[in-house]
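A short worksheet on the structure shown next.
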Amino acid sequence: MFCPQCGQQQVSEGARFCARCGFQLGAVSGLLASGGVPLGYAGPPAELAPPSPRRRGAQFGGKLMLTGLFLMPVLAIMSEVLGSPDELPLVGLLIFMAGLFRLLYALLFEDGPFRRQPARQTGYVPPGQFAPPAAASALPPPQGVHARGYVPPRADTSDLAYRPSVTEGPTRMLDRERDDAAR
């Protein structure tokens, strides 16, 4: 067996620590014996997806219905004892009906779990010293401008001066000679 830290070959397979760097080899020998699977590992932990809006709405509607059912008799007893109006138990009925409508709305119109994407499972990363090193770039961060955003500078046309052509001087001279000959 070789030490995963420094690469030193070990004298015996039962060594608990590396003779060169002192790395603990007990866990390594356990991993090698189990084929690379840590002892007691049952797979990646299942990530629980948050409840769907339909489920939350149905739960809230059910809670309102139960609250209304319990409030109706309590409010009826209180109205008899206190001598208050007989409409007080109707508050419990209103709460019950609100819960019923909330439950129906959740079941008929809100998205359920069948429309959602399943929760993404991450791969298993062994803890501690067996974790892969963080990805580091060998290049420095870019310091230029992206090609899509580059616009070449425009020439300032107000600064351009008139530059005569090379042929303008001889042409003027020939025109003068022709004018002089014509006179």
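The accessible area of F2, taken with all protein chains in place and a 1.4 Å probe, comes to roughly 120 Å². Taking all protein chains as shown and a probe of 1.4 angstrom, D175 keeps an accessible surface of around 60 Å². A cut-off of 5 Å between modelled amide H atoms, ignoring neighbours fewer than 5 places along the same chain, links F17 with L25.
The values are calculated or read from the model by the stated rules, or taken from the named source; none is laboratory data. Quick caveat, the model's predicted, so the values are computed rather than measured. Note: areas computed on protein heavy atoms with side chains; ligands, DNA, RNA excluded. Shrake-Rupley method; radii C 1.70, N 1.55, O 1.52, S 1.80 Å.
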